[in-house]
Amino acid sequence: MSVPNSSPNAQASFALDAESLNKQAISSIRVAFGVSGVIALIIGVLVLVWPGSTLEVVAFLFGLYFLLAGVVRVVTGIFAKGIGGGMRTLSIILGAILIILGVFALKNPAGTLAVLGIVIGLGWIIEGIVALAESGNGSSRGLAIFLGILSLVAGVIVLFVPIATVAVLVLIAGISLVVLGIVGIIRGFTFGRGVAAG
């Protein structure tokens with residue numbers, strides 16, 4: 001007895017495989033990657049150039065990043081055409097979680113460093129897991145895997161390594177955001193390149 005939908009494509013329903021997407025879906029995903037990358041890069045640079053920033057400024061910037069990245073994910077999940085149901089659902093769920101984390105950071109900017117570290121760490125771990133799930137088999141698979149691993153590592157570092165000062169958190173988080181932003185922008189330019197989508 002055969003199992004329905006047991007093909008490799010059905011098993012990888014969360015993967016972003018450009019070859020299985022139409023041109024509009026590829027374009028939507030590229031825009032989402034690019035916008036998220038630009039947001040991460042800008043906020044990462046702001047975090048790094050404000051070396052004397054307070055915990056409240058850092059919390060605000062990360063809250064803003066997670067809020068905007070969450071909105072991009074939700075909008076992509078709802079409006080992008082040609083993306084599989086699993087990918088759409090995953091994008092919407094991740095977006096909602098990121099929005100909640102962003103709102104939490106924005107509403108509690110005077111929270112402790114530990115709470116801020118937990119919010120940032122969880123956000124990056126979730127983003128890393130989703131990036132790995134989305135990696136698919138396309139031309140930007142390597143970048144997706146790199147982004148996922150980098151995001152996971154950054155999240156684990158911020159979450160589990162005891163950070164004694166805001167300056168260390170700012171440095172780790174700022175560098176991570178800049179690198180994640182650059183990789184996101186590159187994925188925006190390279191995702192689906194060379195695919196004859198119909």
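Points worth noting:
- Ordering of 121-133, 92-104 by packing [mean C-beta count within 10 Å, highest first]: 121-133, 92-104
- Length gained when the stretch Ile182-Asn108 is fully extended (0.36 nm per residue, less Cα-Cα span): 23.8 nm
- Between Leu171 and Val57, the C-beta separation translates, for a Förster distance of 22 Å, into a calculated FRET efficiency of about 0.95.
- Taking Cα centre as origin and charging only the Cβ of basic (Lys, Arg, +1) and acidic (Asp, Glu, -1) residues, the dipole magnitude of the range 22-187 rounds to 520 debye.
- Label zone at Ile129, where the point sits 7 Å out along the Cα-to-Cβ direction: the range 66-103 residues whose backbone N lies under 11 Å: 94
- Ranked packing of 36-47, 19-30, most packed first, by mean Cβ within 10 Å: 36-47, 19-30
- Two-site label geometry, Val31 and Phe160: point separation in nm, points 7 Å out along Cα→Cβ: 3.9
- The range 22-187: C-alpha pair distances exceeding 20 Å, %: 45
- Sorted on the mean count of surrounding Cβ atoms within 10 Å across their residues, most packed first, peptides 152-159, 174-181 read 174-181, 152-159.
Rule-based calculations on the coordinates, nothing more; no lab input. As the structure is a prediction and not an experimental result, all values here were calculated from the model. Neighbour counts run over all protein chains shown; Cβ positions are idealised from the backbone, glycine included.
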